[in-house]
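Colleague: Take a look at this one; I'll ask things after.
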Amino acid sequence: MVELTKKNKKQLRELMIKVYAKELDELLVALSKKFDAWKNHQIDCWELEELIHKFHNGHAKKLFNYYNSKVDPILIISRVLAKNLIKKEEIPDEVLPYVEGCIHLFEEDDND
């Protein structure tokens, strides 16, 4: 684990909050389509309620737990960079080498 300065920790926390919001927004867009289906009478209120429950206890909970875990921020930022959720330029210069050193852990193998 890399020893980060207070400034770097703050920068990474701010970046993690930004990416957490971005990932949550993507999940909420998908859920909003279920509300549209309900408004258009394609699903009933019970099905929508079940979908909301699954959303809350499923993907949203996993995302919350991940971003609020004790996972090293370098690993979190490496993951989101590998998923193209942020740009390399958004990462503080002082920690970029560490992030780049871990990104291979999250990149998909092209040989599959």
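Colleague: Which is farthest toward the positive dipole end of the range 25-68 among TRP38, ASN57, ASN68, measuring Cα position about the Cα centre, with Cβ charges +1 (Lys, Arg) and -1 (Asp, Glu)?
Modeller: ASN68
Colleague: Out of every Cα-Cα pair in the range 1-67, what percent are more than 18 Å apart?
Modeller: 52
Colleague: Could you name the lysines in cross-link range of LYS39, using Cα to Cα under 26 Å and dropping any fewer than eight places away on the same chain?
Modeller: Counting by Cα, and skipping residues close in sequence, LYS39 has these lysines nearby: LYS22, LYS54, LYS61.
Colleague: Here is a further query. Assign unit charges at the C-beta atoms only (+1 for Lys and Arg, -1 for Asp and Glu), then state the dipole size of the chain relative to its Cα centre in Debye, rounded to the nearest 20.
Modeller: 620
Colleague: At 0.36 nm per residue, and after removing the present C-alpha to C-alpha distance, how many nm does the segment from LYS83 to LYS18 gain when stretched out fully?
Modeller: Full-extension gain reported as 22.0 nm.
Colleague: Within the chain, what's the longest run with no GluC sites (Glu not before Pro) in a DSSP loop and at most 16 other beta-carbon atoms within 10 Å? Give the range, please.
Modeller: 4-93
Colleague: Still on this structure, I have one more. Could you give the angle, 0 to 90 degrees to the nearest 10, between helix 73-82's Cα long axis and the longest principal axis of the Cα atoms of the chain?
Modeller: Helix 73-82 and the main axis of the chain meet at about 70 degrees.
Colleague: Still on this structure: Could you point to the label whose value was computed as P(r) over Cα pairs in 10 Å bins from 0, in percent for the structure here, given (1) 13, 39, 28, 13, 5, 2, 0; (2) 13, 36, 26, 17, 8, 1; (3) 13, 40, 31, 11, 4, 1, 0?
Modeller: (2)
Colleague: What trypsin sites (Lys or Arg not before Pro) does the range 1-71 have in DSSP loop regions with at most 13 other beta carbons within 10 Å?
Modeller: Within the range 1-71, the qualifying trypsin sites (Lys or Arg not before Pro) (loop, at most 13 other Cβ atoms within 10 Å) are LYS70.
Since every read-out is calculated from the coordinates, none of them should be taken as a lab result. All of these numbers come straight from a predicted model, not from anything done at the bench. Here Cβ is always computed from backbone atoms with ideal geometry, including for glycine, and neighbour counts include all displayed protein chains.
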